[in-house]
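**Q** The structure under discussion is supplied below as structure tokens; questions concerning it will follow.
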Amino acid sequence: MKWLLRNWTDVAYALWEHITISVTALTIAFALSLLIGIAAARRPRLYGTVMTLSGFLYTIPTLAFLAFLIPLVGLGRSNAIITMVAFSLMILIRSVATGIREVPADVIDAARGMGMNAKQILWRIELPLALPLIVAGLRVSAVTVISVTVVAAYVNAGGLGTLIFNGIASDHPAKIWTGALTACTLAISVDLLLAGLERRLQGRRIA
Amino acid sequence: MLADAWIYLLAHPAQFSLALGVHVALSASALVLAALISIPAGIAVARRSRLALAVVNAANVARTLPSLAVLALVMPLLGTGFAPALFALTLIALPPIVTHTLAGMRSVDADAVDAAVGMGMTRAAVLWRIELPLALPVIFAGLRTAAVQVISGAVLAAFIGGGGLGDFITAGIAMMAIPQLLVGAIPVSLLALGTDVLFGALQRRITARGLRTA
Amino acid sequence: MITLEHLRKNFGASAQAAVDGLSLTINAGEICVLIGPSGCGKTTTMRMINRMIEPDAGRIVVGGRDVMQIDAVELRRSIGYVIQQVGLFPHMTIGENVATVPKLLGWDPPRTAGRVDELLALVGMEPGLYRDRFPRELSGGQKQRVGVARALAADPPVMLMDEPFGAIDPITRTRLQDEFLRILRELGKTIVFVTHDIDEAIRMGSRIAILRAGKVVQYDTPERILAHPADSFVEAFVGGDRSLKRLALLTAGPYIEHGAPTAGAPHLPSGMALRDVLSVMLAAGADEAGIVGTHGDVLGRVTLDAIRNAANMAKS
């Protein structure tokens, strides 16, 4: 505790790094998944292929994936961000595609029959109704991303993991506690926040 | 690069086998321990909705915790080595198995249970002959998820002296020795993927024929 | 107003086309009911008019324009579209639902808002009360009212309605049918109305097109179809009680004879359908009924003979 109070700027900095990396990765992953998910929602075969590939990426252990990227992009943030994007794809694409596919057929029929074109149907009907499911996917991905960032400190990406690794290397329990507990708190808070958002959005899906 | 990795592997067979063995032992033990705790717990709690809700909430919170953070938190308490790593990995494996067990039990058709009880089956018989077989696919899916998570987590066990294939990766990164790194990363990835495929195949086989949608 | 010429549609190249050389002319202001057994092509035909299904062959002309020459999306914004499950947008309020097509057409907000309230009032839903509610808060009948309001929003001259009252309970359905008949006739819309319910067809239709295997078997007013079914299929389709159905279309008024009704005879309003008059008379064991006007004054009587003559199709 004393250590934390004396070094809170270091912790704050690590936390800040952690958040920026996570948000960057999540934004990129979300944009990609939106594009792919919208396309895959209507094409079952594309969906199947995309799910298999992204599932494959997801199954690779975190540290192994980071390690694989070293010969390609070296150490640092880019390494971490690429890894996080790769891990988030499966969940996010599935959320987007499933969310769109679960929009009731009669709602789409009415929208088409009233003279909405495909773009209008996507943006005014399908995506708004898919939103709760998409947020559910974002929730899981956010937590995944935070978790990966902790490990990514080992490849010089920064973040709260640096506290943990420093603590282990110098046998400094206070650092380990601080780093680990802060990371856990961050993960839980983000999860609760998005869970609340998800609940609020659920109401609008039912007709 | 791959050739160099292969050469490195051939040059350190004992070291590799040990690491692989430890990794598999850690992962398998953690999975089995977690299953032995979670599945009975899940079954016991399934019928008491408020308790079940509390368990699910706790498990959901536990799931969000970064694996490395859990491993790191264990270290000041239990030290380094195989046992602390096993403890941490078991903790990591508990949430997915317990939530899937609860979900599986809840997914059992209430009418089927009602009919079974109405026909005079004892509670235990209903559990073993009706509920568990019907819940098994979902429970198994939880085991599959947990297995992959544990294998991934076991890589991180290298940081707290747990051994396993993570040792090659961390050493490789520390010394920027790519061949060494790959000797850890490739096999562990294959291990994870292979386990996922294996569990998937097993899952399909244990799904009672009447429940299969494919 | 709407002309269908030799329409053809075959899904998946099976031996029997869904719509097989169908031709029909619908005059402005008419309600044309398409009816027939399952698979007769009635819904397919309707959905070709707004190109939700593209015809394989044939021509469709709406308001003087060949629909194939117009952009499909633009076409649909000028045709009202009501389906059985309504398809209200669950994430939008009632007001936003009704405002959909005006917004697509770029109406300015004040005009749109005024129109929304006007239409909600028209379909019997108090705007102040319902405008900001969500579809899930509404009953089936209320949802369908909103569905019709939504279809009328941009004031299209033509409306397509696919079994709009099919999912509604019988009591509400009758009330909705009456209300909408009144509204649609008042507004002078041209309607294509699909149903499988012959009684609904007889109530709602200016003319009924009876379809079978993708072709029109008979296209005429309800009275003439009931009086002179074109073949045994139509005869069976309209039901063995068609003479009684005809009587449901006639009111007591024109059949009143001079003279006081016998004592004990039931007294019925002049606007009552002859079928119901007959029913009351049979139940009472009476040979005639006294007909009263709106102020209770006796106008005359209707005899069993008069009703029998009215029902006699050999004489019509």
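The values are calculated or read from the model by the stated rules, or taken from the named source; none is laboratory data. Note that this is a predicted model, so its numbers are computed, not measured. Cβ: placed from backbone, ideal geometry, glycine included. Neighbour counts: every protein chain shown.
**Q** Among the residues of segment C:158-213 satisfying the criterion of being hydroxyl-bearing (Ser, Thr, Tyr) and assigned to a helix (DSSP H, G or I), which is nearest to C:GLY124 (Cα to Cα)?
**A** The residue in question is C:THR172.
**Q** Looking at segment C:19-27, can you tell me whether even one residue there is among the small types (Gly, Ala, Ser) and either under 17 Å from the mean Cα position of the chain (by Cα) or within 21 Å of A:GLY113 (Cα to Cα) (or both)?
**A** There is no residue in segment C:19-27 that is among the small types (Gly, Ala, Ser) and either under 17 Å from the mean Cα position of the chain (by Cα) or within 21 Å of A:GLY113 (Cα to Cα) (or both).
**Q** Going through B:LEU86, B:LEU73, B:LEU94 one at a time, which residue ends up being under 21 Å from A:THR62 (Cα atoms) and within 14 Å of chain A (Cβ to nearest Cβ)?
**A** B:LEU73
**Q** Would you check if C:LEU88 is over 29 Å from C:GLU200 (Cα atoms), within 14 Å of chain A (Cβ to nearest Cβ) and in contact (Cβ under 8 Å) with a residue 24 or more places away in the chain?
**A** Criteria not met by C:LEU88.
**Q** Of everything in segment C:44-92, what is aromatic (Phe, Trp, Tyr) and either over 30 Å from C:GLY141 (Cα atoms) or not in a loop (DSSP other than H, G, I, E, B) (or both)? Give them in sequence order.
**A** Within segment C:44-92, C:TYR81 is the sole residue that qualifies.
**Q** Next question. I need the full set of residues from segment C:225-255 which are within 25 Å of C:THR303 (Cβ to Cβ) and of a type in the set (Val, Ile, Thr), in order please.
**A** Of everything in segment C:225-255, just one residue is within 25 Å of C:THR303 (Cβ to Cβ) and of a type in the set (Val, Ile, Thr), namely C:THR251.
**Q** Determine the pairs where a residue that is within 14 Å of chain A (Cβ to nearest Cβ), located within segment C:34-58, has a partner that is among the acidic types (Asp, Glu) and surrounded by fewer than 23 Cβ atoms within 10 Å (Cβ to Cβ) with Cβ atoms under 7 Å apart, the partner being 6 or more residues away or on another chain.
**A** What qualifies is C:THR43/C:ASP162; C:MET46/C:ASP162.
**Q** Kindly indicate the residue of segment C:59-85 that is farther than 24 Å from C:PRO127 by Cα and either basic (Lys, Arg) or in contact with an Asp or Glu (Cβ under 6 Å, 6 or more places away or on another chain) (or both) and also farthest from the other protein chains (Cβ to nearest Cβ) among those meeting that condition.
**A** Selected residue: C:ARG59.
**Q** B:VAL24: in contact (Cβ under 8 Å) with a residue 60 or more places away in the chain and in a helix (DSSP H, G or I), yes or no?
**A** Taking the combined requirement at face value, the residue satisfies it.
**Q** Would you mind stating whether B:THR101 is closer than 22 Å to B:ILE43 by Cα, crowded, with 22+ Cβ neighbours inside 10 Å, more than 11 Å from chain A (Cβ to nearest Cβ) and of a type in the set (S, T, N, Q)?
**A** When the stated conditions are applied, B:THR101 passes them.
**Q** Right, next: Please verify whether segment B:181-192 includes one or more residues that are away from chain A (no Cβ under 11 Å), on the phi < 0 side of the Ramachandran plot, assigned to a helix (DSSP H, G or I) and surrounded by fewer than 18 Cβ atoms within 10 Å (Cβ to Cβ).
**A** No: segment B:181-192 contains no residue that is away from chain A (no Cβ under 11 Å), on the phi < 0 side of the Ramachandran plot, assigned to a helix (DSSP H, G or I) and surrounded by fewer than 18 Cβ atoms within 10 Å (Cβ to Cβ).
**Q** Return only the number of the condition from (1) touching a helix residue (DSSP H, G or I) at 6+ places or on another chain (Cβ under 8 Å); (2) of a type outside the set (Lys, Arg); (3) over 23 Å from B:ALA41 (Cα atoms) that B:ASP111 does not satisfy.
**A** The one condition B:ASP111 does not meet is (1).
**Q** Is at least one residue of segment C:114-125 under 21 Å from the mean Cα position of the chain (by Cα), on the phi > 0 side of the Ramachandran plot and not in a strand (DSSP E or B)?
**A** Looking for residues that are under 21 Å from the mean Cα position of the chain (by Cα), on the phi > 0 side of the Ramachandran plot and not in a strand (DSSP E or B), one finds at least one in segment C:114-125, hence yes.
**Q** Inspect segment B:149-160 for any residue being touching a residue at least 24 places away in the same chain (Cβ under 8 Å), of a type in the set (S, T, N, Q), within 26 Å of B:VAL70 (Cα to Cα) and at the interface with chain A (Cβ under 8 Å from one of its Cβ atoms) and give the result as yes or no.
**A** yes
**Q** Could you please give the count of residues in segment B:161-173 that are at the interface with chain A (Cβ under 9 Å from one of its Cβ atoms) and without any contact (Cβ under 8 Å) to a residue 40 or more places away in the chain?
**A** Of the residues in that region, 4 qualify.
**Q** Another one. Of everything in segment A:52-106 that's more than 18 Å from B:ASP196 (Cβ to Cβ) and basic (Lys, Arg), which residue is surrounded by the most Cβ atoms within 10 Å (Cβ to Cβ)?
**A** It comes out as A:ARG77.
Residues checked against (1) modelled with pLDDT of 90 or more; (2) buried (at least 16 other Cβ atoms within 10 Å of the Cβ); (3) closer than 21 Å to B:ASP196 by Cβ:
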{"position": "B:LEU2", "(1), (2), (3)": "no, no, no"}
{"position": "B:ILE7", "(1), (2), (3)": "no, no, no"}
{"position": "B:HIS23", "(1), (2), (3)": "yes, yes, yes"}
{"position": "B:ILE39", "(1), (2), (3)": "yes, yes, yes"}
{"position": "B:VAL55", "(1), (2), (3)": "yes, yes, no"}
{"position": "B:ALA58", "(1), (2), (3)": "yes, no, no"}
{"position": "B:VAL61", "(1), (2), (3)": "yes, no, no"}
{"position": "B:LEU71", "(1), (2), (3)": "yes, yes, no"}
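**Q** Select, from A:VAL143, A:VAL103, A:VAL135, the only residue that is facing another protein chain (nearest Cβ under 7 Å) and in contact (Cβ under 8 Å) with a residue 24 or more places away in the chain.
**A** Exactly one residue qualifies, and that residue is A:VAL143.
**Q** If you go through segment C:121-130 one residue at a time, do you hit one that is within 21 Å of A:PRO128 (Cα to Cα), away from chain A (no Cβ under 14 Å) and not hydrophobic (A, V, I, L, M, F, W, C)?
**A** Scanning segment C:121-130, I find no residue that is within 21 Å of A:PRO128 (Cα to Cα), away from chain A (no Cβ under 14 Å) and not hydrophobic (A, V, I, L, M, F, W, C), so the answer is no.
**Q** Here's something else I'd like to know. From the list A:ILE176, A:ILE188, A:ILE168, A:ILE164, which one is assigned to a helix (DSSP H, G or I) and either surrounded by fewer than 20 Cβ atoms within 10 Å (Cβ to Cβ) or not aliphatic (A, V, I, L, M) (or both)?
**A** It is A:ILE188.
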